[in-house]
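**Q** Pasting a structure here, questions to come.
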Amino acid sequence: MGTSIDLAPSVYEHAAALIHETPWRVSRDPECLFRAHAEAFRVYRHAPVVVGVDIYNLEAEAYGATIVEPVGNGIPSISSHPCAASDDITKLGVFDPRRDGRIPMVIGVGKRLAKALPGADVRIPVSGPFSLACNLVGFDRLLCDVLDQPRSVQRALGHLAVGQIAFAREIASEGLGIAFFESGATPPLISPEVFEEMELPVLRHILREASSGTGCSVPCIIGGNTLPVLDSILGTGTGYIVCPYETDQELFMRHMEAYPDVMVRINTDPGVFAGRDSSAVLREMDRVLGLARTRQKVCVGTGVLPFDADPVLVLMAKQFVRQKTMDRQSSLSGDGKLRPDSA
């Protein structure tokens, strides 16, 4: 770690808790959405600020999926899918990001946040094609089609790419950043072979088009056990990836030694922030910093913070990470080697 780094929590439903609202209301009300993410940034000063709560539902809802209000502080989820099979996806008209669903609201709130929070890295979430297809037909149906109707799935992913690229261009035209999420395509949900043959060409196309619109590389955020598809993810050309808590992080980071120019966000176990054990939090931070070793392009994330995460623990972890990396930096000699008394 060449410079001091910080802990950047992923704040979605937890933002609702910070203003004592439900995730459902915050996901639907522009004032609540603005207040929740403004408050989260005031508390955590995190980057990026990704605008939303149920971030994978936006495009599916714009295509006609039904989102139901959950009980209490649950996360909004899809109750009915607009398509019965992958072939039906190609019959959908491409949604208009300026008009359909909650997408205009989220972009509008993003613009307000960017204006109100100078220096904040405000981004709009964009779903990957496989994750979106899952939400349009249902995961079980899509997996059956992957096995039985692979060409139909490929056509569906290609069709969805058109809308996602248009969405990304609209975001860029409003001066906002993009956070690209594709965790629906993670092994063992699909095999590495399916990822490379069916998902990768479309993913690479979308990311290249999105990056050309923003003028910089778009982060490719894929959670779950991503080590088996890591080379494929890197094959998209993205300059920012996540080392998820759910994968073999040690092997993952070892593999990334061959890619020093790619920023790696190492995620902690987000569950430690919902407990009351401060020592467990510090142990987890220590573990993740050990994975970072001396990598220059590295940052630390939390995974998705639970609704009831304790802000005191998150702030304590941020301070620990900052101090630990500063101490590490100061213990290095001019040639980059540890002094004998600091090993």
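**Q** Got a sec? Which helices (runs of 4 or more DSSP H) wholly within the range 1-112 have at least 2 residues that are among the aromatic types (Phe, Trp, Tyr) and either touching a residue at least 40 places away in the same chain (Cβ under 8 Å) or surrounded by fewer than 22 Cβ atoms within 10 Å (Cβ to Cβ) (or both)?
**A** Because the criterion is at least 2 residues that are among the aromatic types (Phe, Trp, Tyr) and either touching a residue at least 40 places away in the same chain (Cβ under 8 Å) or surrounded by fewer than 22 Cβ atoms within 10 Å (Cβ to Cβ) (or both), the helices (runs of 4 or more DSSP H) in the range 1-112 that meet it are 30-44.
**Q** May I ask you to list pairs of residues, at least six apart or on different chains, whose Cβ atoms are under 7 Å apart, with the first in the range 169-193 being within 18 Å of residue 207 (Cβ to Cβ) and touching a residue at least 40 places away in the same chain (Cβ under 8 Å) and the second being of a type in the set (D, E, K, R) and outside any helix (DSSP H, G or I)?
**A** Pairs found: 170/98; 176/123; 177/121; 177/123; 178/123; 179/123.
**Q** Also, quick follow-up: Kindly check whether there is at least one residue in the range 297-311 that is within 24 Å of residue 192 (Cβ to Cβ), modelled with pLDDT under 95 and either in a strand (DSSP E or B) or hydrophobic (A, V, I, L, M, F, W, C) (or both).
**A** The answer is yes; a qualifying residue exists.
**Q** Condition first: surrounded by fewer than 17 Cβ atoms within 10 Å (Cβ to Cβ) and either within 23 Å of the chain's Cα centre (by Cα) or among the basic types (Lys, Arg) (or both). Now tell me which residues in the range 276-285 satisfy that.
**A** 276, 283
**Q** Checking residue 162 against (1) over 18 Å from residue 240 (Cα atoms); (2) touching an Asp or Glu at 6+ places or on another chain (Cβ under 7 Å), only one condition comes out false. Which one?
**A** (2)
**Q** Just the residues that are in a helix (DSSP H, G or I) and either at pLDDT below 95 or in contact with a strand residue (DSSP E or B) (Cβ under 9 Å, 6 or more places away or on another chain) (or both), please, taken from the range 275-289.
**A** Result: 285, 288, 289.
**Q** Moving on to the next point. Just to be sure I understand, how many residues within the range 116-135 are in a helix (DSSP H, G or I) and under 20 Å from the mean Cα position of the chain (by Cα)?
**A** Total meeting the criteria: 7.
**Q** Sort out which residues of the range 217-226 are in contact with a strand residue (DSSP E or B) (Cβ under 9 Å, 6 or more places away or on another chain), surrounded by 18 or more Cβ atoms within 10 Å (Cβ to Cβ) and assigned to a loop (DSSP other than H, G, I, E, B), and write them in order of number.
**A** The answer is 218, 219, 222, 223, 226.
**Q** Within the set of pairs 6 or more residues apart or between chains, which connect a residue that is farther than 14 Å from residue 302 by Cβ inside the range 269-291 to a residue that is exposed (fewer than 15 other Cβ atoms within 10 Å of the Cβ) and modelled with pLDDT of 95 or more with Cβ atoms less than 7 Å apart?
**A** 291/250
The values are calculated or read from the model by the stated rules, or taken from the named source; none is laboratory data. Since this is a predicted model, take the numbers as computed values, not measurements. When we count neighbours, we look across all protein chains shown, and the Cβ atoms used for this are built from the backbone with ideal geometry, even at glycine.
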